[in-house]
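The values are calculated or read from the model by the stated rules, or taken from the named source; none is laboratory data. Because the structure is a prediction, the values reported are computed rather than measured. A quick note on method: Cβ atoms are made from the backbone with ideal geometry, for glycine too, and the neighbour counts reach across all protein chains shown. Remember, those area values only see protein heavy atoms, side chains included, never the ligands or the DNA or RNA. Shrake-Rupley method; radii C 1.70, N 1.55, O 1.52, S 1.80 Å.
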Number of protein chains: 2
Amino acid sequence: MATTETRRRADAERNIAAILDAALVSFTEDPSASMAAIARAAGVGRVTLYAHFPSREVLLEAVLDRAIAAAGEVIEKATPGEGPATDALRRLLQSSWHELDQHRKLFDLAQRELGATRLRQRHREVVDHVESLLVRGQQEGVFRSDLPMTWLVTTVYSLLHAAAEDVNAGSLAAEEAAGVLEATLLPALASR
Amino acid sequence: MATTETRRRADAERNIAAILDAALVSFTEDPSASMAAIARAAGVGRVTLYAHFPSREVLLEAVLDRAIAAAGEVIEKATPGEGPATDALRRLLQSSWHELDQHRKLFDLAQRELGATRLRQRHREVVDHVESLLVRGQQEGVFRSDLPMTWLVTTVYSLLHAAAEDVNAGSLAAEEAAGVLEATLLPALASR
DNA sequence: CTCAAGTTGAACACCACTGTTCGACTTAAG
DNA sequence: CTTAAGTCGAACAGTGGTGTTCAACTTGAG
């Protein structure tokens, strides 16, 4: 289905992948990463970068699309719609905290550089997964209903991000992240 | 005590204050705010800005120092050392969430532009207030001790920041922020 | 009133980043 | 092997930020 008359050469394909990988890392590490730095990180000439992505904006959008797709896949693998909501949230945190944090950082960047409204719909795709899990938990009576739903979603993302930052800074071990998140989020979300 | 042979003229003093005010807002709204933009926001010529703050770096440090001092004062007014730890935390959130969020944003920016280590000590002054309150709560048995202290501090700051973002984005009313924070943080921090 | 302190815009050199063009070179595909 | 697709560095123009200098102007203090 991707053979729609693109007919790219194999090395071009490889470079595009390397660029997207490098751009994802670069953008999440430093929002103001330059095109030159990204090209260098991808092991590719600056001209090659521009050959595939004519502008910084286009590149950012491509990275974002890819991150959203990846996040969607990882989330679905955790089957957030099955079993007790509490267990589903545990599975989600365990498998996806890192992926979701990357997405969050990209979203922040894109919001600044591409404008807020333009991103809402794309962002929704990912956020909705979390939100519908929380709604299900409320219906089951295990998650609290005394606070706005937007706030609950914010709480999940915010702590996810915080854990990722701590891991990045070295003050939290990566293996402990999911457990710590669980121990903090479950009581914060639980109904009394 | 501030009369130590500075002998600045009154309008200079006024301009410096206006610049620091504008810079605080500008930096927290947009980390990449330019010197020209800050001067404009302060209602002051670009040259005047440079007359008082010879570089962007110096200005950022001055803003940071001021924010730390302000945060310290606001925190102390909430008397975090008196009464039950839970009540003290409530007072702190009620009076300081906005101030603490501003400080957090500045800290993030300064960390990127001035280097991480250089900021640790200054940051400590503010963080310690929160940390010692949490430690006191642990000793009283009302706050949990099963997670690293650094994580508990991170949790408080992270949700503080999230609430401020939501208020800024319009999805949370400013008057509700403290209450929502309380309702989320207390169960997250409580011992079982 | 007087004068030093302070402000201002215009102009300057400098630098980093963006995006483009070119011509020479390398590599995958048939 | 041939050739079209792709890569590369160098060099370019344009933009926007930083920090400086200067000479004219305004303002506060004594």
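Open to solvent by 60 Å² or more (accessible area, probe 1.4 Å), within 21 Å of residue A:160 (Cβ to Cβ), more than 16 Å from DNA strand C (Cβ to nearest atom) and free of Cβ contacts under 8 Å to residues at least 12 places away in the same chain, is that true of residue A:111?
Judged against the criteria, residue A:111 is a match.
Would you tally the residues in region B:146-171 being open to solvent by 10 Å² or more (accessible area, probe 1.4 Å) and facing chain A (nearest Cβ under 9 Å)?
11
Considering only region B:178-192, state which residues are at the interface with chain A (Cβ under 10 Å from one of its Cβ atoms), in contact with a helix residue (DSSP H, G or I) (Cβ under 6 Å, 6 or more places away or on another chain) and small (Gly, Ala, Ser).
Across region B:178-192, the qualifying residue is only B:188.
With the structure loaded, tell me whether residue B:31 is within 14 Å of chain A (Cβ to nearest Cβ) and more than 11 Å from DNA strand C (Cβ to nearest atom) or whether it fails that test.
yes
Taking region A:21-47, which residues are aliphatic (A, V, I, L, M) and loosely packed, with under 12 Cβ neighbours inside 10 Å?
Correct list: A:36, A:47.
Given the criterion crowded, with 19+ Cβ neighbours inside 10 Å, under 26 Å from residue B:173 (Cα atoms), of a type in the set (A, V, I, L, M) and modelled with pLDDT of 95 or more, identify the matching residue among B:59, B:89.
The unique qualifying residue is B:89.
When residue B:54 is evaluated against the numbered criteria (1) within 12 Å of DNA strand C (Cβ to nearest atom); (2) more than 14 Å from chain A (Cβ to nearest Cβ), which criterion, by number, is the only one it fails?
Residue B:54 satisfies every listed condition except (1).
For residues in region B:48-85 being in a helix (DSSP H, G or I) and more than 22 Å from the chain's Cα centre (by Cα), which is nearest to DNA strand D (Cβ to nearest atom)?
B:50
Name the one entry in A:165, A:175 that is under 13 Å from residue B:151 (Cβ atoms) and in a helix (DSSP H, G or I).
Being under 13 Å from residue B:151 (Cβ atoms) and in a helix (DSSP H, G or I) holds for just one of A:165, A:175, which is A:165.
Output the qualifying pairs, or none if there are none: Cβ atoms under 7 angstrom, residues six or more apart or on different chains, first residue in region A:18-47 and in a loop (DSSP other than H, G, I, E, B), second residue open to solvent by 30 Å² or more (accessible area, probe 1.4 Å) and modelled with pLDDT under 95.
From residues that are in a loop (DSSP other than H, G, I, E, B), the pairs are A:32/B:32.
Please verify whether residue A:104 is at pLDDT below 90 and not aromatic (Phe, Trp, Tyr), treating the condition exactly as stated.
yes
So which of A:140, A:125 is more than 12 Å from chain B (Cβ to nearest Cβ), surrounded by fewer than 15 Cβ atoms within 10 Å (Cβ to Cβ) and either at pLDDT 95 or above or closer than 18 Å to residue B:187 by Cβ (or both)?
A:140
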